[in-house]
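Just so you know, all these numbers are worked out from the coordinates, no wet-lab data involved. The model shown is predicted, which means the values in this text are computed figures rather than measured ones. A quick note on method: Cβ atoms are made from the backbone with ideal geometry, for glycine too, and the neighbour counts reach across all protein chains shown.
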Amino acid sequence: HQRADGTMSTTSTLLSTASSSKKNSAGSASAAGGSAASGSKVNRTKSLKLTTTTTSHQATAGPHSAGIEPDSPTSVVNVPIVKEKSKIRDKLRKFFLRRPNMEDLMKRGIMKNEPVFGSTLTLLSKVEHSDVPLFVKKCIQVLESKPEFLQTDGVYRQSGNLSTVQRLRLQIDHGNTDILDTIDDVHVLTGALKLFFRELKEPLIPWDSVDRLITAASLPSRKAKIKALKDELASGLPPSHQATLVYLLRHLDKVTTYKLVNRMAVSNLAIVFGPTLMWPPTHLTNTNIALNMMQQNMIVEALITNLSYIV
């Protein structure tokens, strides 16, 4: 029994010694891990402080000490976008203000009148030996040669194919007026006629006559109105302008005879041709546009309505 008890006590002693050694080794391992972790935290903190200090030192010292060239993109200070846009806008405004207007370019011979479209009625009358441009005569003759053209719904109100109108314009500028006989689309013909008057260097009805025509059209007495309109057409317009205007007004009056079919009464034609036949000069383009259009329509309507009494 004593021998067994001694063996058991010896075994327990060995087991307790092993357990304590394991605990000591585990404790030392955890202590070592803790010290390593704390050491890494300290190292990261030190490296962060070092990086921050180095960056601030480089920013204070300038691009040369940081190893950055003065002309490198990182050293260029970005200008705010708003200021850049403002500078560009100012430069464009100065550029456009310095540009000479069309009249100056014409006087200096840099720009020249087009053969037909973009010319003047006075010049065309001298070149063609006719008070009414040959294109206007030919185009209106073709339009009136076929009753179905004038009976077309929305004639002069609807636009023709733009590319076809431009090709027709080039042919007319080259002197080929016979091409008008081959056009079957009434809107191409009417579109070309409107384009001719819009692109004149000088409007068919000069702006100097507009105020007097408005005064005449606003007179309450029809007799006084007719007399004032007739006097202005006779003395206020150049000969080529007067002859072309009367030729066009007679055509438009014929168009209104089909108003039940084409739905183009005098008021409708006035809306279409008001801005086409008269417009203000460049230095007056900032005036009331709505008022100008109303006055232009009033003049054309008064001229068509009283045509038989004033010509």
(message) Give me the extension gain from Leu162 to Val127: residue separation times 0.36 nm, minus the current Cα-Cα distance, reported in nm with one decimal.
(response) 9.8 nm
(message) For the ranges 171-184, 255-268, what's the packing order if you count other beta-carbon atoms within 10 Å of each residue, average per peptide, and put the highest first?
(response) 255-268, 171-184
(message) What distance in nm lies between label points placed 7 Å from Cα along the C-beta direction at Lys259 and Ile88?
(response) 5.3 nm
(message) Suppose the chain between Arg212 and Leu291 were pulled fully straight at 0.36 nm per residue; how much longer would it get relative to their current alpha carbon spacing?
(response) 26.9 nm
(message) 7 Å from Cα along Cα→Cβ at both His174 and Gln151: what's the point-to-point distance in nm?
(response) 3.6 nm
(message) Please compute, over every Cα-Cα pair in the stretch 194-311, the percentage with a separation greater than 16 angstrom.
(response) 59 percent
(request) Over all directions, average the projected area of the Cα convex hull of the stretch 128-258 and note it in nm². (result) 9.0 nm²
(message) Please state the shape class of the stretch 150-213: rounded when a/c is under 1.5, otherwise prolate if a/b exceeds b/c and oblate if not, all from the C-alpha gyration tensor.
(response) oblate
(message) On a full-extension model of 0.36 nm per residue, what is the gain between Ala224 and Glu199, subtracting their alpha-carbon distance, rounded to one decimal in nm?
(response) 5.6 nm
